[in-house]
Each structure stands twice: as structure tokens, then as C-alpha cells.
Amino acid sequence: MSRETAAVWDPAQYGVFGDERARPFNELAGRLGGPPPARVADLGCGSGELTATLAARWPDAVIDALDSSPEMIAAAREHEIPGRLAFRVADVAAWEPEQPVDLVISNAVLQWVPEHPDLLPRWVDALAPGGRLAFQVPGNFDAPSHVLLREMGRSPKWGGRIAHLQHDAPVLDPAGYLDLLARLGCAVDAWETTYTQVLQGEDPVLEWVKGTALRPVLSALGPDEAGEFLAEYRERLRRAYPAAPYGTVFPFRRIFVIAARNDP
């Protein structure tokens with residue numbers, strides 16, 4: 001998570017829909033063929049469960065995993081493997097490896113780094129010959145969950161406190177990432193997937209967003225204000241995502257990129 005969010009992250013809240021949140025990472029990692037990497041950097045590793053799957057997949061790899069959230073890293077450290085998998089608190093925007101790496105993987109973090117299109121060339125330069133950059137970001141910033149949040153955050157009632165936290169579509173589309181990385185000499189595979197999810201429970205879309213997009217907002221508001229904001233947002237979400245007898249449908253669009261460095 002980037003320092004730009006100024007948010008306090010809650011690993012337990014983020015994990016409420018852990019299986020659903022893991023699907024994009026698993027899809028991204030599933031497309032990584034080729035020889036096993038020896039050196040891996042996981043930038044924005046969160047609470048570490050998904051990074052641990054990489055260690056299991058590539059038992060000879062050394063993995064450096066980092067996240068700017070001390071709360072997330074504290075939870076991740078239970079997955080550490082001495083000499084093979086280490087977690088540390090650091091800002092992904094400032095990351096520089098001690099030596100080139102075979103794989104840079106970044107799961108659901110670049111949307112928190114507004115300048116990340118300017119950051120990606122540095123990550124490509126950090127790759128060893130033939131190395132790969134793999135990342136996925138949310139593509140649902142035009143979904144009601146995010147549109148409603150931006151509208152509220154910029155309203156006269158709330159704008160004075162949280163308008164600065166509202167950003168319009170901070171990610172590119174697949175074609176935009178392909179163009180950026182292909183111009184750097186990479187072979188690029190870029191695609192998107194929309195998971196048509198059915199969430200269970202009371203106000204599940206609110207519970208989902210409380211684990212991600214709402215974190216900076218809740219960190220900026222006092223307890224009473226946060227409660228009032230959540231009550232208003234809850235009612236708007238209920239209208240936008242009406243519950244059905246089988247659950248609540250919550251489409252979840254993701255953008256994926258794998259860029260392989262082409263070296264002579």
C-alpha cells in the first residue's frame with residue numbers, strides 16, 4: 001500500500017472476502033509460465049498469504065516482500081521463511097533492488113500510487129535479462145460503489161474533510177499499459193476480467209469497500225463522523241446493489257499485465 005493513502009489498514013477487514021480478493025492474484029500468477037524465477041520482489045504484499053503461495057510454487061526462489069502498512073506487515077510476518085521469504089515495511093514508489101530481479105509482481109497496489117505510469121519504467125529497468133513484471137489493478141472506478149464514494153467525498157457536507165482523497169480512475173486500461181510497456185521494449189500480455197460475484201451477508205458491498213477504498217476516508221474522519229458517513233453510504237449502496245434471495249451481485253473488474261523484458 002502506498003504512503004499516499006494516509007490510511008490505517010485492517011488485515012482482518014481486508015480478509016472478510018479473502019477468497020474473492022485472491023482470485024485476481026491467482027489468475028495473474030497462473031499466467032506466469034517459463035522458468036522458475038530465482039529472485040522475486042512482491043511490491044505491495046499486504047498481509048502476506050498470497051506471497052506465501054509464490055514461495056510454495058517456487059521453493060528455490062528468494063522473495064523480498066514489502067508494503068507501506070505496518071499493520072499488514074505485522075500480519076504477514078507469520079508467513080516468513082528464513083533465507084527465502086522476508087517481509088518489510090517500505091514504500092513501493094521508492095523501491096530499488098540491490099540487484100536485478102527475475103520477477104516483480106504487484107497485486108492491487110498501483111491504484112494507490114497516482115504517479116505509477118512514471119514508476120513502471122524503473123521497475124522494468126530493475127529486471128534481469130528476460131525478467132518479467134506482472135501486476136493487476138482494479139478497473140471498477142466507474143462502478144456505483146466508487147462513483148457514490150466520490151460523489152459523497154466531494155459534496156458540500158464532506159468535501160472539506162475528504163475531497164482530497166477522491167481520485168478519478170487512477171489506472172490505465174489494458175491498451176494503455178500495453179502501449180507504455182511495449183514502448184520500453186517489453187513483450188506485453190494485457191487483459192481484463194470481470195468477476196460477477198455474489199456476496200453474502202448484511203450490506204456485503206459496504207463490508208467489501210470498508211476493506212479497501214474506504215480505508216483512507218475512515219482514517220481521515222473521527223469516530224462520530226465516520227459512523228454518520230457510513231450510514232449515508234450504506235443507504236446509497238443498498239439502492240445501487242439490491243439484495244436478491246441468493247445474495248448481492250457485485251461485479252468486480254480487474255486489469256492484468258505481464259510484461260517480459262526483451263534483451264538482445
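Laboratory data are not the source of any read-out in this text; all were calculated from the coordinates shown. Just so you know, these numbers come straight off a predicted model, no measurement behind them. Cβ placement follows ideal geometry from the backbone for every residue including glycine, while neighbour counts extend to all protein chains displayed.
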3J(HN,Hα) from dihedral phi, region 170-177, Karplus parametrisation 6.51/-1.76/1.60, rounded to Hz, x for glycine, proline: x, 10, 8, 8, x, 5, x, 5
Sites residue 182 and residue 147 - FRET efficiency at Förster radius 30 Å, r taken between beta-carbons, to 0.05: 0.45
Rg to Rh, two decimals, where region 28-182 supplies the alpha carbon set and Rh follows Kirkwood: 1.01
Inter-centroid distance (Cα atoms) of region 123-187 relative to region 207-235, Å: 21 Å
Estimated [θ] at 222 nm from DSSP helical runs (n ≥ 4, -39500 (n - 2.57)) normalised by residues in the chain, nearest 500: -10500 deg cm²/dmol
Projected label distance in nm at residue 154 and residue 253, using a 7 Å step from Cα toward the beta-carbon: 1.8 nm
Candidates per trypsin sites (Lys or Arg not before Pro) in region 133-225, loop by DSSP, up to 16 other Cβ within 10 Å: 154, 157, 183
Length-normalised contact order for the chain - Cα pairs under 8 Å, 6+ apart - percent: 23 percent
Gain upon complete extension [residue 23, residue 53; 0.36 nm per residue less C-alpha separation]: 9.5 nm
Footprinting exposure proxy for 188, 137, 89 (fewest neighbouring C-beta atoms within 10 Å first): 89, 188, 137
Value of Rg to Rh for region 57-131 (Rh from inverse mean 1/r over Cα pairs, i.e. Kirkwood): 0.96
Formal net charge of residues neighbouring residue 25 (Cβ-Cβ distance under 13 Å; K, R +1; D, E -1): 0
Residue among 106, 219, 145 with the largest mean-square fluctuation in a Gaussian network model of the chain, springs linking Cα atoms under 10 Å: 219
Listed peptides 68-74, 231-237 by packing density, highest first (mean Cβ within 10 Å): 68-74, 231-237
Convex hull of the chain built on C-alpha atoms - directionally averaged projected area, nm²: 14.0 nm²
